[in-house]
Amino acid sequence: MHPMTESNLHNAYAGESMAHMRYTIFAAEAEKDSFKNTARLLRAIAFAEQVHATNHFIRMPRAAAPMAGEAPFGLGTLSQNLQFAIDGETFEINEMYPVYKETAIFQDEKAVVTSFNYALQTEKVHQRLFIEAKAMADQGKDWKSEKVQICETCGYTMEGDAPDKCPICGAKKERFKEF
């Protein structure tokens, strides 16, 4: 694997791993504050971030390399935590994944392109859901009680019932985990 793509893959793995843990911690805090549905949303998206981290990890040619993350650390109010989540997703959508994906395309790293594309497409959904949840939290309301489905292959996230086929990776309905 080309060194630049490998470095990007390691950094993406680090970022997704940290997002998984951040959202898990944010979920526990939301639960404590009686925002049960927002906590469920955060747990579901934490699982999707774990799927992304796993997809990146299995494509790494070496076990250890320097990694970086661009997300803030620490807890705030529910609204602040959701804004941290929005900011992280926005960074991935607007800066990180487009550059990483184009580099992998240029370097003809097809498996990595797939992994980055899965994450990029899904982060757009995460951003939208977090914006909705924050708007509700800012009004003192919990997120809606809709089911959240996560594709265990690519991390695609959606509300409601799982589709027959994932719109991103084509995985069958059975590959969706419900939250």
Residue of GLU152, GLU49, GLU109 that the Gaussian network model of the chain assigns the largest fluctuation, springs spanning Cα pairs under 10 Å: GLU109
Helical mean residue ellipticity (222 nm; -39500 (n - 2.57) per DSSP H run of 4+; nearest 500) of the chain: -20500 deg cm²/dmol
The range 102-110 - phi-based ³J(HN,Hα) in whole Hz, Karplus 6.51/-1.76/1.60, Gly and Pro as x: 4, 5, 5, 5, 4, 8, 6, 9, 4
Cα-projected label distance for MET60 with VAL99, points at 7 Å along beta-carbon direction, nm: 2.0 nm
Relative packing of 19-26, 139-146, which averages over residues the other C-beta atoms within 10 Å, highest first: 19-26, 139-146
Long-range amide H partners of TYR156 with built H, under 5 Å: CYS151
³J(HN,Hα) computed for each position of the range 171-177 - Karplus, 6.51 cos²θ - 1.76 cosθ + 1.60, integer Hz, glycine/proline x: 4, 6, 3, 4, 8, 9, 9
Nearest-0.05 FRET efficiency for THR114 and SER145, computed from C-beta distance (R0 35 Å): 0.55
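Rule-based calculations on the coordinates, nothing more; no lab input. Just so it is clear, the structure is predicted and the values come from calculations on it, not from any experiment. Quick reminder, even Gly has a Cβ in these numbers, built from the backbone with ideal geometry, and neighbours come from all protein chains shown.
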